[in-house]
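The structure appears below as structure tokens.
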Amino acid sequence: MSYKLLNGKEISAQIKNEIAEEVKNIIAKGGKQPHLAAILVGTDGASETYVAHKVKSCEQVGFKSSLIRYNTDVSQETLVKKIIEINENTDIDGLIVQLPIPDHISEDKIIETIDPKKDVDGFHPVNIGKLTIGLPTYISATPKGIIELLKRNNIETSGKHCVVIGRSNIVGKPVSILLSQKSETGNATVTLCHSRTINLKEITLQADILIAAIGKKEFVTADMVKEGAVVVDVGIHRVKSDKTKSGWKLKGDVKFDEVAPKCSYITPVPGGVGPMTIVSLLQNTLSASKKEIYK
Ligand code: NAP
């Protein structure tokens, strides 16, 4: 079967242009420049890269950004104080704390300290609750990006069997809720699989749309995929490579070369879900700046 790529790089560039145009208009009319603050703890290579991309993307669309960095040994108290300060800063519209954070700090406490109005990552329980019952909210960036990618490629979800592998709070769980929502981009029958799922392959073979968010390199193989399926690969794994300048390349949770020929559509890694995630964060920040969700 000849497959089409779900080209996140191209679509995210289109969306960035749309955002940049809107920001220009807002500023021309004397409105406020959207402002995203990001907190980064430690020097983890992947986190550094993600935050750098987010900051650069802010610049590209005309947002202001502030990066606040802490050493790995920062106390929870210091972080909480900083978050409260940002919550009260009227110039900052959105705040993200790049995860993971060191083990001595409670991730739950940090997320719950962020004002839901500024929680543009959509991780706060209030925002997740709103998403679950279908109220307007900041939808976490990766699930939002996946839905947008399907929508902009005119992939019908209504009545389709979507199988999601992975039940994390930031990807698998929210995307399964969105796809099952009574909405234009939902109405799917969703099966959510995880490490305790028995006969995973029997289930994935039924998928019209298969979303892989497992965190295991090239886990999904051709024998797990139905002919003509749409496959969305969320996984990001750095592997060493002597063929690239950086010395590494990215692989996904799907064994692309053998799975792609069975698909109608498939996301590449890189250039699929990753850029859509960043652009979704920008959309949430713009939305926060325009006070679309919280007045
Ligand atoms: P996570 O929190 O590690 O969750 C992984 C999920 O996969 C868990 O629910 C786990 O089940 C399940 N799982 C693990 N082994 C399995 C198996 N053998 N069979 C079935 N299910 C299995 O992962 P995450 O944060 O959602 O991230 C997933 C991947 O996406 C990672 O590679 C991450 O780097 C990447 N990611 C990419 C983006 C992006 O922008 N592209 C954004 C976020 C994450 P249990 O719950 O039972 O443990």
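The values are calculated or read from the model by the stated rules, or taken from the named source; none is laboratory data. In this text, all values refer to a predicted model and were calculated from it rather than measured experimentally. Ideal geometry is used to build each Cβ from the backbone, glycine not excepted, and the neighbour counts take in all protein chains shown. In case anyone asks, the SASA skips ligands and DNA or RNA and just uses the protein heavy atoms, side chains included. Shrake-Rupley method; radii C 1.70, N 1.55, O 1.52, S 1.80 Å.
Summed over segment 101-118, residues that are away from the ligand (no atom under 15 Å from the Cβ) and touching a strand residue (DSSP E or B) at 6+ places or on another chain (Cβ under 7 Å) total 4. Pairing each residue of segment 195-216 that is at negative phi and free of Cβ contacts under 8 Å to residues at least 60 places away in the same chain with any residue that is more than 8 Å from the ligand (Cβ to nearest atom) and hydroxyl-bearing (Ser, Thr, Tyr), provided the two are 6+ apart or on different chains, yields C-beta distances under 7 Å for 203/191; 209/157; 210/204.
Scanning segment 156-174 for residues that are within 9 Å of the ligand (Cβ to nearest atom) and within 17 Å of residue 231 (Cβ to Cβ), which turns out surrounded by the most Cβ atoms within 10 Å (Cβ to Cβ)? Before you say what the answer is, go through the steps one by one.
Restricting attention to segment 156-174, the residues satisfying the condition of being within 9 Å of the ligand (Cβ to nearest atom) are 165-173.
Then keep just the ones that are within 17 Å of residue 231 (Cβ to Cβ); that gives 165-166, 171-172.
Details: 165: 29, 166: 24, 171: 25, 172: 23.
Checking each candidate, the answer is 165.
Return the pairs, sorted by first residue and then second, in which the second residue is within 14 Å of the ligand (Cβ to nearest atom) and open to solvent by 60 Å² or more (accessible area, probe 1.4 Å), the first residue lies in segment 169-183 and is under 15 Å from residue 137 (Cβ atoms), the beta carbons are less than 6 Å apart, and the residues are 6+ apart or on different chains. Pairs found: 173/167. The single condition among (1) of a type in the set (A, V, I, L, M, F, W, C); (2) farther than 30 Å from residue 86 by Cβ; (3) in contact (Cβ under 8 Å) with a residue 60 or more places away in the chain that residue 250 does not satisfy is (3).
Name the residue that is nearest to residue 50 (Cα to Cα), counting only residues in segment 94-116 that are touching a residue at least 40 places away in the same chain (Cβ under 8 Å) and more than 19 Å from the chain's Cα centre (by Cα).
So the first thing to find is which residues in segment 94-116 are touching a residue at least 40 places away in the same chain (Cβ under 8 Å), and the list is 94-102, 105, 116.
Adding the requirement that they be more than 19 Å from the chain's Cα centre (by Cα) leaves 102, 105.
Working: 102: 17, 105: 20 Å.
So the residue we want is 102.
Looking at 203, 177 in this structure, which one is closer than 19 Å to residue 151 by Cα, modelled with pLDDT of 95 or more and within 16 Å of the ligand (Cβ to nearest atom)? Please lay out each step first, then the result.
Numbers: 203 fails: closer than 19 Å to residue 151 by Cα.
None of the other options fit; the residue is 177.
Flag not set for residue 49, criterion: out of contact with any Asp or Glu (no Cβ under 9 Å at 6 or more places or on another chain), outside any helix (DSSP H, G or I) and either closer than 22 Å to residue 170 by Cβ or open to solvent by 40 Å² or more (accessible area, probe 1.4 Å) (or both).
Taking the conditions exactly as written (assigned to a helix (DSSP H, G or I), free of Cβ contacts under 8 Å to residues at least 60 places away in the same chain and surrounded by 16 or more Cβ atoms within 10 Å (Cβ to Cβ)), does residue 79 satisfy them or not? Against the criterion (assigned to a helix (DSSP H, G or I), free of Cβ contacts under 8 Å to residues at least 60 places away in the same chain and surrounded by 16 or more Cβ atoms within 10 Å (Cβ to Cβ)), residue 79 qualifies.
Considering only residues that are within 17 Å of residue 141 (Cβ to Cβ), open to solvent by 50 Å² or more (accessible area, probe 1.4 Å) and of a type in the set (A, V, I, L, M, F, W, C), which ones fall in segment 82-119? Across segment 82-119, there are no qualifying residues.
Could you look through segment 241-253, keep only residues that are assigned to a strand (DSSP E or B) and within 11 Å of the ligand (Cβ to nearest atom), and pick out the one that is surrounded by the most Cβ atoms within 10 Å (Cβ to Cβ)? Don't jump to the end; show me each part of the working.
Taking segment 241-253 as the starting set, the residues that turn out to be assigned to a strand (DSSP E or B) are 248-251.
From what's left, within 11 Å of the ligand (Cβ to nearest atom): 250-251.
Working: 250: 16, 251: 19.
Step by step, filter segment 241-253, then rank; the result is 251.
Restricting attention to segment 267-295 and to residues that are farther than 17 Å from residue 123 by Cβ and away from the ligand (no atom under 14 Å from the Cβ), the residue that is surrounded by the fewest Cβ atoms within 10 Å (Cβ to Cβ) turns out to be 295. Of all residues in segment 120-146, which are part of a helix (DSSP H, G or I), open to solvent by 20 Å² or more (accessible area, probe 1.4 Å) and either more than 11 Å from the ligand (Cβ to nearest atom) or more than 23 Å from residue 216 (Cβ to Cβ) (or both)? Matches in segment 120-146: 125, 126, 128, 129, 130, 132, 144.
Of the residues making up segment 180-214, those that are of a type in the set (A, V, I, L, M) and touching a helix residue (DSSP H, G or I) at 6+ places or on another chain (Cβ under 7 Å) are 188, 190, 192, 205, 210, 211, 213.
Counting only residues that are assigned to a strand (DSSP E or B) and open to solvent by 50 Å² or more (accessible area, probe 1.4 Å), which one in segment 206-240 is farthest from the ligand (Cβ to nearest atom)?
Within segment 206-240, the match that is farthest from the ligand (Cβ to nearest atom) is 240.
Taking segment 1-46 as the range and being assigned to a helix (DSSP H, G or I), surrounded by 13 or more Cβ atoms within 10 Å (Cβ to Cβ) and among the aliphatic types (A, V, I, L, M) as the test, the residues that pass are 11, 13, 15, 19, 20, 23, 26, 27.
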